[in-house]
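Presented below is the structure to which this report refers.
The values are calculated or read from the model by the stated rules, or taken from the named source; none is laboratory data. Because the structure is a prediction, the values reported are computed rather than measured. FYI the Cβ positions are ideal-geometry reconstructions off the backbone, even for glycines, and counts take in every protein chain you see.
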Amino acid sequence: MRSGAKVAVIGGVFVLVSGGLGYGVYSVVLGGGGIGTASASSEVKTGPPGQEEIRATAKDFLAAWASGDGAAASLLTNNEAASEPLLTGFAEDAHVTKAVITPGPPVGAKVPYTVKATVSYDGKTKPWSYASELTVVRGLTTGKALVDWKPTVIHPQLTEGATLKTGESETAAIEAVDHNGKVLDKETYPSLGPILDTLREKYGDSTGGSPGIETWIEPEGGSAANTTLLTLAEGKPGKLQTTLDAGAQAAAEKAVKKFSQASVVAVRPSTGSIRAVANNPATGFNAAMQGTQAPGSTLKIVTAAMLLEKGLVSANRPTECPKEALYQGRTFHNLKYFELPASTNFTTSFARSCNTAFIKLIDDTKDDAALPKEARDVFGIGLDWKTGIASFDGKVPDETGGEAAAQYIGQGTVQMNALNIASITATARTGTFHQPVIVPQSVDDRQIATASRSLPQNVTRQLNDMMRATASWGTGQAAMASVGGDKGAKTGSAEVDGQGTSNSWFTGFSNDLAAAAVVQSGGHGGDAAGPVVASVLRAGS
């Protein structure tokens with residue numbers, strides 16, 4: 001306890017309520033205090049904590065934390081050194097002057113609770129409420145029941161190395177609007193939360209706004225944008241134009257919520273304007289634009305373009321599609337080992353997603369690096385995209401042998417995200433790469449990436465026709481049935497080591513909008529990711 005610190009108890013330190021831990025609400029004015037710790041015992045216990053230990057430890061920890069005694073609370077965790085600064089900083093850095101913590105019934109070793117706090121700074125005061133949970137574990141050396149320390153104990157969005165702070169905001173607030181001028185906010189569009197935080201950090205000081213007083217999460221070393229949790233006093237927000245479309249964004253938000261892990265991006269082919277970005281989970285890592293995964297057969301759009309350009313295939317020319325194909329000691333097969341008649345044209349192989357039709361042609365290219373060149377020079381993959389926020393811009397590294405063959409069907413060392421595949425589809429749609437942007441280039445005159453060349457018109461036409469076939473009678477038919485306009489698609493399933501079910505990928509276009517989605521462990525592309533893409537295409541513009 002800090003020297004001279006006083007505790008003002010509100011209605012008693014513990015208020016008895018029915019249910020829960022038995023001690024339902026801990027309510028005190030922060031600023032130090034003396035709260036007893038869980039009873040000590042000379043016996044070094046082993047095994048998981050019992051229910052009484054869980055209750056007692058959670059009770060004493062929450063009481064110490066609520067009283068403002070971070071030092072006492074940290075002694076009840078399994079990491080005193082890491083927990084004490086954050087527990088103490090709850091009052092000193094976040095300026096929480098009052099806290100009411102209400103635990104719920106334990107679920108095994110986990111104890112959920114709600115925090116109703118008051119934050120005060122520079123004469124401004126505002127209530128702050130949220131929910132989190134803790135887990136009670138057995139101390140490895142002491143045998144005592146202790147709170148398993150994680151920053152999320154303090155706040156569910158707090159990450160390792162980050163801190164809670166209250167004060168004058170470091171940058172002015174922004175009012176982000178879509179391309180039609182409609183306001184975009186975190187409450188209506190949860191997936192935009194991290195994106196809006198990043199846009200504020202990057203453009204807040206140049207949009208004419210002024211800082212307010214806020215409570216925020218500050219990542220360690222400025223590794224990411226601050227996350228605003230509470231606004232005590234509004235600053236003057238500056239208006240920032242984005243390329244997003246509110247209708248497409250709303251549809252994207254709703255679509256990804258159907259799966260535990262899903263991402264989707266929509267891009268306008270004629271301009272590169274990003275119309276929607278959505279992730280589930282909605283907070284934290286922007287997997288839709290920064291993820292790095294094998295995209296499966298959606299990459300066959302690039303492979304097909306390369307084969308068409310080299311004259312090794314044409315849309316209506318027969319192409320072999322056997323059950324299996326061997327290339328330099330590595331065997332590849334089609335889904336459920338299907339095969340197509342020798343007279344089958346390349347459009348059907350594309351629409352049915354025949355892996356072997358692509359693998360068997362790698363020798364004919366006489367260049368293992370042909371696909372990486374096509375991806376970079378035509379589709380802009382791996383160039384330095386400056387979208388307006390951080391993005392991973394795709395990777396098709398130079399490979400040889402079987403690893404190069406795996407790339408033809410989007411496996412191996414290929415790394416993509418929903419943004420990259422949506423952009424590939426957009427490029428196939430027009431024949432020309434337009435670097436995706438979420439903030440118009442005119443806002444800051446940044447350098448936009450450009451590809452070395454466009455696709456020949458006859459290749460662009462054939463790619464569009466093959467994607468139309470996939471959407472109308474191929475593997476994308478069911479997912480795209482509800483989508484109108486001039487439409488096309490490509491499905492994909494990406495196998496991941498140690499994962500029982502493949503990741504579901506899907507990409508498609510409708511008129512001047514392209515979209516791509518990935519659903520983790522979603523299986524076939526048309527089953528999970530397909531409906532996500534279709535929802536966005538129906539709503540977008």
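Annotations
- Residue match in segment 177-196 (condition: assigned to a strand (DSSP E or B), modelled with pLDDT of 90 or more, closer than 30 Å to SER273 by Cα and more than 18 Å from the chain's Cα centre (by Cα)): yes
- SER132, sole failed condition from (1) more than 19 Å from PRO156 (Cβ to Cβ); (2) in contact with a Ser or Thr (Cβ under 9 Å, 6 or more places away or on another chain); (3) of a type in the set (Gly, Ala, Ser): (1)
- Residue tally, condition closer than 16 Å to ALA304 by Cα and not in a strand (DSSP E or B), over segment 318-343: 2
- Matching residues in segment 180-207 - criterion: being over 20 Å from GLY540 (Cα atoms) and surrounded by fewer than 17 Cβ atoms within 10 Å (Cβ to Cβ): GLU187, ASP205, SER206
- For GLY143, the conditions (1) over 30 Å from the mean Cα position of the chain (by Cα); (2) in a strand (DSSP E or B) all hold with the exception of (2).
- The residue that is farthest from GLY272 (Cα to Cα), among those in segment 505-541 that are of a type in the set (Ser, Thr, Tyr) and touching a strand residue (DSSP E or B) at 6+ places or on another chain (Cβ under 8 Å), is SER521.
- Positions within segment 467-506 being in contact with a helix residue (DSSP H, G or I) (Cβ under 6 Å, 6 or more places away or on another chain), hydrophobic (A, V, I, L, M, F, W, C) and assigned to a helix (DSSP H, G or I), in sequence order: ALA469, ALA471, ALA479, MET480
- Hey, ALA94 of a type in the set (A, V, I, L, M, F, W, C) and crowded, with 19+ Cβ neighbours inside 10 Å or not: yes
- Count of segment 261-275 residues which are within 13 Å of the chain's Cα centre (by Cα), of a type outside the set (Val, Ile, Thr) and crowded, with 21+ Cβ neighbours inside 10 Å: 2
- Hits in segment 337-376 - residues which are out of contact with any strand residue (DSSP E or B) (no Cβ under 8 Å at 6 or more places or on another chain), modelled with pLDDT of 90 or more and among the basic types (Lys, Arg): LYS373, ARG376
- THR347 vs. criteria in a helix (DSSP H, G or I) and over 30 Å from HIS179 (Cβ atoms): yes
- Condition check for ASN458: modelled with pLDDT of 95 or more, part of a helix (DSSP H, G or I), in the same structural domain as SER270 (by TED's automatic domain parsing) and over 21 Å from SER510 (Cβ atoms): yes
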